[in-house]
Ligand SMILES: NC(=O)c1ccc[n+]([C@@H]2O[C@H](COP(=O)([O-])OP(=O)(O)OC[C@H]3O[C@@H](n4cnc5c(N)ncnc54)[C@H](OP(=O)(O)O)[C@@H]3O)[C@@H](O)[C@H]2O)c1
């Protein structure tokens with residue numbers, strides 16, 4: 001066996017179908033690209049058509065099999081429609097990545113029900129509904145991978161965690177509940193936990209060089225995260241190699257959480 005075929009047997013996603021929410025930007029876009037380049041057929045889901053189309057065009061130029069579905073994941077009907085449309089492109093997914101997320105950050109005392117509801121809808125309820133839609137089918141077929149993107153704020157407060165931290169803490173619990181239900185049937189459910197990653201979500205914080213440097217100093221690696229840092233971990237969690245890894249929160253944060 002050559003080293004190439006050994007690595008391929010462990011990590012190739014050839015023949016797999018993936019749905020990546022938030023796949024048009026930041027961490028989700030990097031993960032969609034990684035899964036597609038590893039061989040999966042990937043459907044990216046988000047709202048803005050121009051960014052979805054640009055993502056798919058970039059991947060198609062690399063020879064990847066990709067498509068996009070524009071949907072608003074902040075409503076139950078929107079999630080249901082997105083799931084249906086996504087499954088119609090390449091078939092029912094083997095891999096579901098929930099990266100779509102919002103962080104509205106009002107001070108706790110001013111956190112109203114609107115922000116609470118919007119945050120829970122996109123960050124927690126959409127992943128739950130998509131899991132309910134796709135998880136049982138994965139279990140029936142004997143293979144599945146559910147990957148949620150949570151946050152260090154699932155573990156500690158950080159810059160007005162408010163509703164966001166609560167949603168991410170619950171998302172880690174959701175992964176464990178899903179893992180408990182479906183792991184016996186070949187469906188692993190895990191979370192990737194970013195630290196501070198330079199993406200559009202953090203545009204305001206990223207524009208302050210002093211804060212960026214201070215955050216970088218809190219990591220062990222000595223820099224803040226890049227979306228591309230999630231590629232390897234996502235391919236690992238999506239593939240055969242991670243079959244005995246389930247219910248876990250895997251930190252991809254340059255050591256921030258343990259420093
Ligand atoms: N960046 C960080 O430092 C960091 C740290 C910890 C955790 N995270 C988590 O990592 C994930 C990705 O974040 P990111 O930094 O990559 O953010 P990003 O670049 O802002 O990407 C967010 C994605 O979610 C989509 N989205 C947002 N609301 C949506 C809705 N209602 N319906 C459908 N799609 C929606 C966006 O597309 P549209 O706007 O076009 O809909 C976009 O594709 C999030 O869950 C975030 O909480 C990020």
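FYI, it's all coordinate maths here, none of it is from the lab. In this text, all values refer to a predicted model and were calculated from it rather than measured experimentally. Note that we place each Cβ from the backbone using ideal geometry, even for glycine, and neighbour counts take in every protein chain shown.
By the count of neighbouring beta-carbon atoms within 10 Å, fewest first, 187, 252 end up ordered 252, 187.
The residues 148, 259, 155, 4, when put in order of fewest to most other Cβ atoms within 10 Å, stand as 4, 259, 155, 148.
Across all directions, the shadow cast by the convex hull of the stretch 129-178 built on its C-alpha atoms averages 3.6 square nanometres.
The angle between the Cα long axis of helix 49-61 and the longest principal axis of the Cα atoms of the chain comes to about 50 degrees, rounded to the nearest 10. With N counted as the residues of the stretch 189-259, its alpha-carbon radius of gyration over 2.2 N^0.38 Å works out to 1.23.
Of the residues 1, 120, the one with the fewest other Cβ atoms within 10 Å heads the list, and the complete ranking is 1, 120.
For the stretch 1-122, the fraction of C-alpha pairs farther apart than 26 angstrom is 28 percent. Using every Cα-Cα pair within the chain, state what percent have a distance larger than 36 Å. Summing the P(r) tail past 36 Å for the chain gives 9 percent. If you plug the beta carbon distance of residue 244 and residue 155 into 1/(1 + (r/R0)^6) with R0 = 22 Å, you get a FRET efficiency near 0.40. Its relative contact order, with pairs defined as Cα atoms under 8 Å and 6+ residues apart, puts the chain at 20 percent.
Under a no-solvent Debye model with one identical scatterer per Cα of the stretch 117-251, what's log10 I(q)/I(0) at q = 0.10, 0.13, 0.19, 0.21 Å⁻¹? For the requested q values the scattering log ratios are -0.36, -0.60, -1.11, -1.26. Remark: spin-label model distance residue 80-residue 211 equals 3.9 nm, labels positioned 7 Å along the Cα→Cβ axis.
Given the Cα-Cα distance of residue 2 and residue 65 and 0.36 nm per residue of separation, how much length would full extension add, in nm?
20.1 nm
Axis angle, to the nearest 10 degrees, between helix 76-90 and the longest C-alpha principal axis of the chain: 40 degrees. Only Cα pairs within less than 10 Å get springs; with that Gaussian network setup on the chain, which residue of 32, 121, 60 has the largest fluctuation? The residue with the greatest mean-square fluctuation here is 60. Relative to the longest principal axis of the chain, what angle (0 to 90°, nearest 10) does the C-alpha long axis of helix 126-141 take? Approximately 20 degrees, to the nearest 10.
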